[in-house]
Amino acid sequence: EAVFPPWNFSWVVPDRLAAMAWPQTVASLDYIIQQGVRHLVTLSAEKLPPTNVFPQLRHTVISVPEFEAPTLDQIKQFIAICEVADQNNEAVGVHCRMGRGRTGVMAACY
């Protein structure tokens with residue numbers, strides 16, 4: 001079965017932090033898992049990926065409203081997830097709806 005990257009998929013920190021748009025298909029999730037992502041952070045509670053298909057993928061929702069900045073606590077939560085993943089030699093993927101605004105802010109904070 002073919003796998004496809006989510007739209008706007010790119011490594012912000014190679015093999016550590018990937019940014020992307022909403023991975024809405026099983027094929028997109030399969031792709032990010034094949035790339036080494038083991039923890040997916042969803043910033044858009046309105047766009048949840050089908051993560052239940054992949055038990056090896058940890059999933060955290062940090063709900064940041066579209067066109068709004070994350071709170072300091074949300075930024076700290078995201079950075080803590082990235083730090084734990086880094087200690088475990090694992091990669092984190094982060095996404096919102098389009099993979100630009102909220103995703104870019106969190107990636108820049110890291």
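We did not get these values from a lab; they are worked out from the coordinates using the rules stated. What you are looking at is a predicted structure, and each value in this text was computed from that prediction instead of being measured. Every residue, glycine among them, receives a Cβ derived from its backbone with ideal geometry; neighbour counts consider all protein chains shown.
Things to note:
- The candidate values were (i) 14.7; (ii) 14.2; (iii) 13.4; the one computed from these coordinates for Kirkwood radius over Cα pairs in Å carries the label (iii).
- For the chain, relative contact order (Cα pairs under 8 Å, six or more residues apart, normalised by length) works out to 35 percent.
- Among beta bridges that DSSP assigns inside the chain, antiparallel share in %, nearest 5: 20 percent
- Mean Cβ count within 10 Å, highest first, over the residues of peptides 2-8, 53-59, 100-106: 100-106, 2-8, 53-59
- Per-peptide average of other Cβ atoms within 10 Å, ordering 39-51, 76-88 highest first: 39-51, 76-88
- log₁₀ of I(q)/I(0) at q = 0.25, 0.26, 0.27, 0.30 Å⁻¹ - the range 1-60, Debye sum with one point per alpha carbon: -1.13, -1.23, -1.34, -1.63
- Here the range 57-108 and the range 12-39 have alpha carbon centers that stand 13 Å from each other.
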